[in-house]
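Worksheet: one structure, shown below.
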Amino acid sequence: MRTKQTLIRWTLVTVAALTMLVGCSDSADKTSGSDDAARATPRSELKGTVVVSAATSLTEVFTEIADQFTAANPDVDVEFNFDSSSTLATQIIEGAPADVYASADEANMTKLTDAGVIAGKPAIFAENELVIVTKPGNPSGIDNLSDLATAGVISLCGEEVPCGRYAAQILEKAGVAISEANVTRGQNVGATLAAVTEGDAAAAIVYVTDARSAGDQVEAVPVPAEVNVTATYPIGVLESSEASDVAEAFMAHVLSDEGQAVLSRYGFLLPR
Amino acid sequence: MAAATLTVAFFVAPLVGLLQRVDWSGLSGELSSPQAWDALRLSLICSASATVLAILFGTPLAWLLARGDLPGRAVIRSLVLLPMVLPPVVGGVALLSAFSLRSPIGGWLNDTFGIQLTFSSAGVVMAEAFVAMPFFVITVEGALRGMDSRFEEAAASLGAGRLTVFRRVTLPMVAPSVVAGAVLAWARALGEFGATITFAGNIAGRTRTLPLAVYLALETNQQGAIALSIVLLVVSLVVLVSLRDRWLMRT
Amino acid sequence: MSLDLDFALVLEKGPRSVQRLDLSIRLVAPEGEVTALLGPNGVGKTTVLRAIAGTLAVDSGSIELEGRLLDRPPDVFVVPERRHIGIVHQDHLLFPHLNALDNVAFGPRARGLTSRQARETARGYLERVGVGHLAASRPRTLSGGQAQRVALARALASEPRALLLDEPLAALDAGTRVEVRRDLLRYLADFAGPTLLVTHDPVDALALADNVAIIEDGRVSQTGTLAEVTSRPRSRYVADLIGTNLVAGTASGSTVTTESGAMLTIAEPRSGALFVTIAPAAVSLHRREPEGSPRNRWETTVAHLDPLGDRVRVQLDSPLRLVAEITGAGAAELDLREGDRVWASVKATEITTYPR
């Protein structure tokens, strides 16, 4: 009897709390709406929230681009979901709500266009290359790709994750085989890099841009141009987007000179 | 009533969802892949080892917490139970900061004995024990605390020394809780993901346990992931059934 | 060779020491005899046993068994497992995970016998207490009486030098209690060492014990045979136990002045501090002031009435708070009610006195 009452009481408390939350967000929306009316910024009439699902390697650069975008469009909110392109693609096919998808490879974008969930045609907005990273000072003495076969545990992205597939292509072109027993697989490029910066992995193959943002936590060893691969980053708006005008505006901003300048500053190559 | 029904539905729906997506005809094929077997074998070995560690080291600790007259017991208990509430990934990072090659302890172990815990199966066992042992300790401690210590006094009056009393009276009397604690710890170890992938990495055959394999397989081979999930589900069910006297049959 | 107790110990129970037990015990329990510790509940009888068993340490004084010091702070403390003291608890405390035989074999095994020898010994003791056929039974399947016999066998099988029985019959139902009490008497007669029996039931003490020690307020207030103790009660507890009135006073010739200031006339002249006992049946009650021989008569108030079979116990108020016991017929005739004024009288020859 007593527990039943307690249960009911808790349920009521929970419901009340939820109601308050909903109420709050309602009123917040209204406030921003009236702000909009009051300010009536001439530059933009866009409003709403877009969810951008983007590859982990885009975390920093996209955050900065979104800041630019929202500065220009004060009534717009950009929310991010960063993970490996393949995880994001799986989530989107499973129906995860998103408005924009930015992948680190074309294969995953193709998966989505084949599934018919991309509206219009995706556009390439950046390119990237891969690099070997070691611990600061390169304690394992890794000078080239073939050293990776004997250096101990190497951190690579999962085989279906773009950076993992690129790494496999590079190693194959260079004729280097690393025993799978010495490979720890990161679920995305961030986790792959962390195995070197936080953990005990001897080296990792990651994007040039990630190596750059890791700063002096790692030392970069270049991959020779003849075996390196170019990662191409496509972006597209989802068919299911409920704020497709904002989503398209965001995509346009990434492709604009302003957006491209930021990408370039982070070490991305601009599409030819 | 309605709330309770809803809650039950909340627990049942994901299970039904999972089962409904199983490709039963392809299940045996998915499970007989060497990768699945490797992951299952590794999972069983590592979780069993972690459980043995939990019993060996957790029992004296539980006894000390329940009966010992040590200062700051509440603080020690909180520290020991911390991994229960800590996000496992944080636990993994904490283990890294203590036992990675660059840490004082990990470095010393490697320099002196050539032992590397990160990226090793031993590291998996350690991560699992770190997360699972508190479940064992708290269960056994509760049983020891609830036990009538006059039985132990009676045993002493019959001429039994402290160790004999513990072995022949205390332990058998809390045996059901020791078993329950071990099963709980084992189940927790078997499902361990965050601390393992953070501390021990994700190396096929060495540190890629079943939950890690499920996560990785979600990308490449969804049916494989579901098949592996079914294995974990079956194991969890077996655990629950073996504990039914404690939970399911409670009236 | 006996069990010699002369110790003091303060025990604080509860998280905030709500209950404080202040014991100061002097007692000798002779070997081959049963000494009953008799006293009201919560007076610390079990605590005395725990001190002897070694699960509590005394604060000062000593505990000695057969001339061997078991506890004498600060230098001597023998751990429980080396004291060779057998204990039978009220709730028997048989190990639930062992059958009756292995419960009894536990002691011999702990004292170094092989498990076969220990079981053989255990079987002998089970037979002796008449439960040999229950060797394979788990404790929870035993009746209260059976469990208590197994518990006794277990205590005896460890070949103790002293035996402590803590309310061994209290948890049994009335029928079983009589039977187990009778058997216990037989087994205890064979035991060569001192036996200490804690009980709050004078019937147990009467049936089983050679001597009694009355414990009140943390002290041993009276010792002796039960007959000695009850014929000369020295405390309210013992007086209540045998249902008599006990009054402390000071005599001068044939007049006793009680502690409450009342005066009593006694038959034999005495002097100095003494105890006075008056049997309740010797107190007569009257509606009017009685005439004739009784030298002791006074007016008082009925505090309350307590029917007891065909008799009525009447508790009287000041100046002397005595209990009078009258027949039901007498009570009806007097038509007594609580609060009534009555006259009480006692013959001088009905008053027993003995020095304090």
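Below 14 angstrom from the Cβ of residue B:148, what's the summed charge of the other residues (Lys, Arg +1; Asp, Glu -1)? Once all neighbours under 14 Å are counted, the net charge is 0. Where the alpha-carbon atoms of segment C:1-114 are placed on the principal axes, they occupy 42, 34, 29 Å, in descending order. For segment A:128-230, rounded, prolate or oblate, judged on the Cα gyration tensor with a ≥ b ≥ c (square roots of eigenvalues), a/c < 1.5 rounded, else prolate if a/b > b/c? Here segment A:128-230 falls in the rounded category. With the alpha-carbon atoms of chain B aligned to their principal axes, the span from lowest to highest coordinate is 64, 59, 32 Å, starting with the largest.
Within a straight-line Cα-Cα reach of under 12 Å, residue A:173 can be paired with the following aspartates and glutamates, leaving aside sequence neighbours fewer than 8 residues apart in one chain: A:226. Accessible area per residue was computed with a 1.4 Å probe on protein heavy atoms; residue C:22 scores about 70 Å². Accessible area per residue was computed with a 1.4 Å probe on protein heavy atoms; residue B:215 scores about 70 Å². Rounded, prolate or oblate: which fits segment C:75-114 when a ≥ b ≥ c are the square roots of the eigenvalues of the alpha-carbon gyration tensor, with rounded for a/c under 1.5 and prolate only if a/b beats b/c? Oblate, because a/c is 1.5 or more while a/b does not exceed b/c.
Normalising by residue count, the protein assembly as shown has a Cα convex hull of 283 Å³ per residue. Under a GNM of chain B (C-alpha, springs under 10 Å), which listed residue has the highest mean-square fluctuation: B:129, B:195, B:13? Fluctuation is largest for B:13.
The alpha-carbon of residue A:47 sits under 13 angstrom from the alpha-carbons of these aspartates and glutamates, leaving out residues fewer than 8 places away in its chain: A:29, A:35, A:36, A:75, A:77, A:242, A:245, A:248. Going Cα to Cα from residue A:135, which aspartates and glutamates come in below 13 Å? Please leave out same-chain ones fewer than 8 positions away. Cα-Cα hits under 13 Å: A:143, A:198, A:200, A:216, A:219. Of the Cα atoms belonging to segment B:36-88, the radius of gyration and Dmax stand at 15.1, 48 Å. Filter the GluC sites (Glu not before Pro) in segment C:285-356 to those in DSSP coil with at most 13 other Cβ atoms within 10 Å of their Cβ, and list the result. When the GluC sites (Glu not before Pro) of segment C:285-356 are filtered for loop state and at most 13 Cβ neighbours within 10 Å, C:291, C:338 remain.
Computed over protein heavy atoms with a 1.4 angstrom probe, the accessible surface ordering of A:200, A:245, C:317, largest first, is A:245, C:317, A:200. Phi angles of segment C:136-142 translate, via the Karplus equation with coefficients 6.51, -1.76, 1.60 and θ = phi - 60°, into HN-Hα couplings of 8, 7, 7, x, 6, 8, 8 Hz per residue; Gly and Pro are given as x.
Mean Kyte-Doolittle of at least 0.5 and a Cα length of 24 Å or more along the axis: which whole DSSP H helices of chain B meet both? Result, helices passing both filters: B:2-20, B:34-67, B:121-146, B:222-242. Database remark: amide H of residue C:161 closer than 5 angstrom to the amide H of C:85, C:86 (H placed geometrically; neighbours at sequence offset of 5 or more, or on other chains; Pro and chain starts carry no H). From largest to smallest, the equivalent ellipsoid semi-axes obtained for segment C:2-235 from the alpha-carbon gyration tensor read 29, 21, 17 Å. Here is the P(r) of segment C:245-355: all C-alpha pair distances, binned every 5 Å from 0, give 2, 13, 24, 24, 18, 11, 6, 2, 0 in whole percents. Hey, in the GNM for chain B with a 10 angstrom Cα cutoff, which one of B:87, B:14, B:176 fluctuates hardest? Between B:87, B:14, B:176, it is B:14 that shows the largest mean-square fluctuation. Taken one residue at a time, the phi angles of segment C:201-211 give Karplus couplings (6.51, -1.76, 1.60, θ = phi - 60°) of 10, x, 5, 4, 4, 5, 6, 9, 9, 7, 10 Hz. Gly and Pro are set to x. Close amide H contacts of residue C:33 (hydrogens built in the peptide plane, cut-off under 5 Å, sequence separation of 5 or more or a different chain): C:195.
Checking the a/c ratio against 1.5 first, then a/b against b/c, what shape does the Cα gyration tensor give for segment C:140-215? Judged from the Cα gyration tensor, segment C:140-215 comes out oblate (a/c at least 1.5, b/c at or above a/b).
The values are calculated or read from the model by the stated rules, or taken from the named source; none is laboratory data. Here the structure is a predicted model, which is why all the values come from computation and not from measurement. Counting neighbours? That spans all protein chains shown, and the Cβs are built from the backbone with ideal geometry, glycine included. Note: areas computed on protein heavy atoms with side chains; ligands, DNA, RNA excluded. Shrake-Rupley method; radii C 1.70, N 1.55, O 1.52, S 1.80 Å.
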